[in-house]
């Protein structure tokens, strides 16, 4: 008899612009933050990204700036209607998915209370005083330029379905326990393996009934009406560049999502975020929206099928 919840997982790692830190239920150590990731060029050739809701257990009491660049690693899942946004400036439907953060490495952060001009003046004053006192050496630290417009990397494990070998396409509905909602959240993807010199003879399309671990980059969000074997028509488009073949699934299994939960999980459509603008940040970062409701539909077109 197939297990109630099939073994699966969904993870991401990469650059994330983090902003709007807010603490849930003080004095709890749980914080929620807004995140922005870069996806590259969309179907129209325009740069775009996605907005994420981050959940972080701040056990060390780390001070977050108003906006910062981090290397982040965490468990991912679809946004659901009962997740606590912590008084977000975004609408619920603006969040494409949720990240249960396991590791955050700060690269740069800014508190807008102190302007860049103030920082420059302060550094100049310190340098002048140091020059007048030879006993006080000045340490000059130069930070390397960081190209944050690099899409994050996604690694998913689950049971593929709807394989079409001729097109090297398939679907997967991995789900994993999410600390924010204390439930299992699905991350539905529709995948394709792009042409590559790495696969000259044949592409490693997953086998029916066999678990696989896939990794690659997201290309956007799309609607796939009438998709077979899944209740999730709003899906993430994923360009897969690596497939690891695992063991066979229990007999009768058809997807990573238990049949009993296909119709019971409430869903919020994951929406593509158009390019926006914030001072000192890349042009593809999204603009803020007030409120906590709304039902914006995804605007990305489907990927190759």
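Bear in mind these aren't lab numbers, they're just calculated from the coordinates by the rules spelled out. Keep in mind that what you see is a predicted model, and the values were worked out from it rather than measured. No Cβ is skipped: glycine too gets one built from the backbone with ideal geometry, and neighbour counts run over all protein chains shown.
Observations on the structure shown:
- Here each label is just a point 7 Å from Cα along the line to Cβ, and for residue 26 and residue 60 those points are 2.4 nm apart.
- Cα gyration tensor, the range 171-237 - rounded (a/c under 1.5), prolate or oblate: prolate
- Each label was represented as a point 7 Å from its Cα along the Cα-to-Cβ direction; for residue 199 and residue 146 these points are 3.3 nm apart.
- Dividing the mean sequence gap of close Cα pairs (under 8 Å, 6+ apart) by how many residues the range 1-82 holds gives a relative contact order of 37 percent.
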